[in-house]
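Reading through the structure tokens given below for one structure.
Every number here is computed from the coordinates shown, using simple stated rules; none is lab data. Predicted model only: the values in this text are computed from it and were never measured. A quick note on method: Cβ atoms are made from the backbone with ideal geometry, for glycine too, and the neighbour counts reach across all protein chains shown.
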Amino acid sequence: MSGRYPGTGGSRGAGAVHKGKPLWRRSSVCGNESECVEVAVREGRVLARDSKAPARSPLGFTDSAWTRFLHAVAQGELDGL
């Protein structure tokens, strides 16, 4: 999982951009729901925001912090929180 950003084909870098803004993505599991976390990549950082409040500033994560988070989710370490 190391170095893998959503929407960048697993490479590091600026990430997907549309008209100078990050290209936000959400899980297909969300469907048309409005209560999802959206993720984008910008300038080598993973950004996360609440889909209900897209105008708010997103949280930014380093590659290593995001990778640790994804690993913890996959291993069930955050279940029940």
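Remark: relative contact order (region 17-74) = 23 percent; criterion is Cα-Cα distance under 8 angstrom and separation of 6 or more residues. Neighbours of Leu59 by Cβ distance under 14 Å: Lys/Arg scored +1, Asp/Glu scored -1, total +2. Close amide-amide hydrogen proximity is noted between Ala16 and Leu23, Val41, each under 5 Å apart and 5 or more residues distant or on a separate chain (H modeled in the peptide plane; Pro and chain starts excluded).
Summing Lys and Arg as +1 and Asp and Glu as -1 over all other residues whose Cβ lies under 11 Å from the Cβ of Pro22 gives a net charge of +4. Let me make sure I get this right: for region 17-74, a, b and c are the square roots of the gyration tensor eigenvalues over alpha carbons, sorted descending. Under 1.5 in a/c it's rounded, otherwise prolate if a/b > b/c, else oblate. Which is it? In terms of gyration-tensor shape, oblate. Shown is the FRET efficiency for Val29 and Asp63, computed with R0 = 30 Å from the Cβ-Cβ distance and rounded to the nearest 0.05: 0.80. The modelled label-to-label distance for the pair Ala48/Leu81, using points 7 Å beyond Cα in the direction of Cβ, is 0.8 nm.
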